[in-house]
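So the structure is just underneath, and the comments pick up after that.
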Amino acid sequence: TFAGEGTYYDPGLGACGKTNKGTELIAAINAPQYGNTPNPNNAPVCGKCALVKGPLGQVKVKIVDRCPVCKTGDLDLSPSAFNKIGKKADGRIKITWSF
């Protein structure tokens, strides 16, 4: 289990090579946990699911992107995923999660 901060972003073409929408339950994982592969589209974390717990509940997301500014344990969530576990007005929430 990892602990960090949850934020939200407007998804588009992600580091895993796929285009996603804000209505999907997806996340960008922090750069240290994303890893450094010769082809970022083939990173081992791409397509993995994570169960994320926040102040208002939990949500299952698919890892589709990398968050370059996030610290180890942080996830940048799609707006629809963030709204299931926190208030958008808070912007940044404490989370725990596991693959």
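Structure data summary
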read-out: Solvent exposure ordering (accessible area, 1.4 Å, most first) of LEU56, LEU75, LEU25, LEU13; value: LEU13, LEU56, LEU25, LEU75
read-out: Binned Cα-Cα distance frequencies in the chain - 5 Å width, integer %; value: 3, 16, 29, 28, 17, 6, 2, 0
read-out: Separation of the THR72 and LEU51 label points, Cα + 7 Å toward Cβ, nm; value: 2.4
read-out: Relative contact order computed over the chain (Cα-Cα under 8 Å; 6+ residues apart), in percent; value: 44
read-out: Cβ-isolated cysteines (cut-off 4.7 Å), the chain; value: CYS49
read-out: ALA89-ASN42 pseudo-label distance in nm [points 7 Å out on the Cα-to-Cβ vector]; value: 4.8
read-out: Percent accessible area from carbon and sulfur atoms, the chain, protein chains only, probe 1.4 Å; value: 52
read-out: SER98 versus THR1: modelled label distance in nm, points set 7 Å from Cα along the beta carbon direction; value: 0.7
read-out: Calculated from backbone phi, Karplus (6.51, -1.76, 1.60) coupling profile of region 40-54 in Hz, x at Gly/Pro; value: x, 4, 9, 4, x, 7, 4, x, 6, 9, 10, 9, 10, 10, x
read-out: Average accessible surface area per residue within the chain, 1.4 Å rolling probe, Å²; value: 54
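The values are calculated or read from the model by the stated rules, or taken from the named source; none is laboratory data. Computed from a prediction, not measured in an experiment: that's the story for all the values here. Neighbour counts run over all protein chains shown; Cβ positions are idealised from the backbone, glycine included. When the accessible area is computed, the model is the full protein with side chains, heavy atoms only, and any ligands, DNA or RNA have been set aside. Shrake-Rupley method; radii C 1.70, N 1.55, O 1.52, S 1.80 Å.
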